[in-house]
Every structure is written in C-alpha cells, then in structure tokens.
Amino acid sequence: MTSQWIDIPAQDGKTFKGYLALPPAGHGPGIVLIQEIFGVNEHIQSVADQYASDGYVVLAPDLFWRSEPGVQLGYDGSDWERAFALMKELDFDLAIDDLRRSAELLRERDDCNGRVASVGYCMGGVLSFMSAANAGVDAAVCYYPGSIEKRLDQAERITCPTLFHFAEEDDHIDSDAVDAVQEKMAQVGQARIETYPGVDHGFNCWARPAYNQYAAALAHGRTLVFLAENL
C-alpha cells in the first residue's frame, strides 16, 4: 500500500490537495473518503490506508482548503473549537462540487475500475449522503451523519444504494432523527440502516474517547460487504 498527496482541480481553476492511498494490487474500485470536522488528519489518513489495504483506490480530499489548507486537528481543547469554526465556514455547495470533482478524478485514473463510492464520517457522513444525491457516486456510506434530518429533501434525488451507521447513544443525533432517516429512505429504496447499541457518536475513531472496537469492526465489515456488492 502506497500513499501520497495529490492535486485535485477546483471549479475556479485552482487546485486543492487530497490524500491518495493505493491498494497493494495497484488497482481496484474507488472511494472518496470524506473527513470529519477535524480535517484530513492522522485518523482519516489511517482510514484511507485501511480501505486501500482492502483493495480500494482511496482519495480523501481536503474540504477546508478554502479556509485553512492542510489543517489537521485533534479531538479536544482549542482544536475542537477550531474544528467547529471551520465547519461553520464551509460552503456545502462548494464542498459537494469538490467531492464531485474528486469522484471524477478517481474514475479517470487507470488504477480505478470506474466505480466510485463515497464514505464519510460525521460531517462527512452528511456530505456522503449529499454526494449520493448530487455528486454522481455509485454507492454511499454515511457514518453517524449529524443534522442529516434537516437535509432529507435531497433523498429523492438518490438513485444509488446507501448504507447508514448510527450510534444508539449518540449525543449529537437523537432517535427521532434516526427514525426520520429510516422513514424517508424507506420511500427512496436501496437503503440499509444499521444501529449500534451502547455506543456514542464517533465510535469508529480510535483517537476519540467514544471509540468502540467491536462496533467499529462490525461497521467496517458491513461496509466492506456493501461496497463489494455495489462496486
């Protein structure tokens, strides 16, 4: 498995960076890996490496490049405050365009088989959902997507399979929000919703106190099955 930072073209003629991780076999389906509010930090890079080891060509674009290019934050103190400030500054429409261009770049690479999924965490989970509606991905995985219930009007645009992972003890996403997602996505079809008892928001991240090895491994396994079935 090899990795590097590459340039991704933006709509205004500029470029922004993305962390590219390549599988040991040198080719495979593509994944646009979408960051949390903490940037393409050590954890997100490790997740990209993990999926590359699973056989995927993975690109994690830096979505905060317009505000603070290359920012990599931790999960407490001033970093936490800065992360929320960056999220508030983010223009989601521009972010979706960045993600669409990231997916297009992957499709055009010789080492990608032309099929691309989005996989996102927290803020990235919402953006993965929005990518299914607006960025032309072939499948989408959404880990604990915060405030997704406010964007369910976009669900009717989704024509690809989707997979959602929710923590039952999530202090950011209550059960009413999960119920709303379940109800709406049942109307759309091709959606799977998995819930994880006894765990909190961010359970997949080994750098956070909420990390839960069992739930993270189970969700990762379910994601791999989903991706194998749809890419």
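Assigning unit charges at the beta carbon (Lys, Arg +1; Asp, Glu -1) and nothing else, what dipole magnitude in debye, to the nearest 20, does the chain show about its Cα centre?
I would put it at about 600 debye.
Among the lysines, which fall within straight-line cross-link reach of Lys184, defined as a Cα-Cα distance under 22 Å, with same-chain neighbours fewer than 8 residues apart omitted?
Within the straight-line cut-off, Lys184 pairs with Lys150.
Could you state the principal axis extents of the C-alpha atoms in segment 87-127, from the largest down, to the nearest angstrom?
Result, largest extent first: 36, 18, 10 Å.
In terms of Cα to Cα distance under 26 Å, which lysines are near enough to Lys17, apart from those fewer than 8 places away along the same chain?
Lys88
At 27 angstrom or more along the helix axis (alpha-carbon based) and mean Kyte-Doolittle of 0.5 or higher, what helices does the chain contain? Whole DSSP H runs only. Before the final figure, lay out the partial values.
Numbers: long enough: none.
Passing helices, by number: none.
If you roll a 1.4 Å probe over the heavy atoms of the protein chains, what accessible area per residue do you get for segment 140-231, in Å²?
On a per-residue basis, 48 Å².
Can you give me the distance in nm between label points at Glu183 and Leu224, each placed 7 Å from the Cα along the Cα-to-Cβ direction?
3.7
State, as an integer percentage, the relative contact order of segment 1-91 based on alpha-carbon contacts under 8 Å between residues 6 or more apart. Intermediate values should be presented prior to the final figure.
Values: 174 pairs, mean separation 26.8, N = 91.
Value for segment 1-91: 29 percent.
Kirkwood-based Rg over Rh for the chain (C-alpha set), two decimals?
Ratio of gyration radius to Kirkwood radius for the chain: 0.93.
Remind me, relative contact order of the chain in percent, using alpha carbon pairs under 8 angstrom and six or more residues apart?
Working: 505 pairs, mean separation 36.5, N = 231.
Worked out over the chain, it gives 16 percent.
Projecting each Cα onto the charge dipole of segment 91-167 (Lys/Arg +1, Asp/Glu -1 at the beta carbon, about the Cα centre), which of Phe164, Val126, Leu105 comes out farthest on the positive side?
Comparing the listed Cα positions along the dipole, Phe164 ranks first.
Net charge around Ala219, counting only other residues with Cβ within less than 14 Å of its Cβ (Lys, Arg = +1; Asp, Glu = -1)? Let's see the in-between values first.
Details: positive: Arg192, Arg222; negative: Asp54, Glu168, Asp170, Glu194, Asp200.
Around Ala219, the surrounding residues sum to -3.
Once label points are set 7 Å from the Cα along Cα→Cβ at both Trp80 and Glu104, what is their separation, rounded to one decimal in nm?
In this crude label model, Trp80 to Glu104 measures out at 3.9 nm.
Evaluate the distance, in nm, between pseudo-label points positioned 7 Å from the Cα of Ser46 and of Leu94 along their respective Cα→Cβ axes.
Reported label-point gap for Ser46 and Leu94 is 3.1 nm.
Summing Lys, Arg as +1 and Asp, Glu as -1, what charge do residues with Cβ under 14 Å from the Cβ of Ile96 carry, Ile96 excluded?
0
Farthest toward the dipole's positive end in the chain, which of His27, Cys205, Tyr143, given Cβ charges of +1 (Lys, Arg) and -1 (Asp, Glu) about the Cα centre?
His27
Taking all protein chains as present, what is the carbon and sulfur share of the accessible area of segment 57-121, in % to the nearest whole number, probe 1.4 Å?
Percent of accessible area from carbon and sulfur atoms in segment 57-121: 45.
How large is log10 of I(q)/I(0) for segment 78-188 at q = 0.13, 0.14 Å⁻¹ when the intensity is taken from the Debye formula with one equal scatterer per alpha-carbon?
For segment 78-188 at q = 0.13, 0.14 Å⁻¹, log10 I(q)/I(0) is -0.50, -0.58.
Please report how far the C-alpha centroid of segment 162-231 lies from that of segment 56-122, rounded to the nearest whole angstrom.
Comparing the Cα centres of segment 162-231 and segment 56-122, I get a distance of 20 Å.
Over segment 33-136, what is the relative contact order in percent, taking alpha-carbon pairs closer than 8 angstrom and at least six residues apart?
Relative contact order for segment 33-136 comes out at 35 percent.
Please report, as a whole percent, how much of the solvent-accessible surface of segment 127-178 comes from carbon and sulfur atoms (probe radius 1.4 Å).
Carbon-and-sulfur percentage of accessible area, whole number: 35.
The values are calculated or read from the model by the stated rules, or taken from the named source; none is laboratory data. All values reported here derive from a predicted model rather than from experimental measurement. Neighbour counts run over all protein chains shown; Cβ positions are idealised from the backbone, glycine included. Ligands, DNA and RNA are stripped out before the accessible areas are found, and what is left, the full protein with its side chains, is counted by its heavy atoms. Shrake-Rupley method; radii C 1.70, N 1.55, O 1.52, S 1.80 Å.
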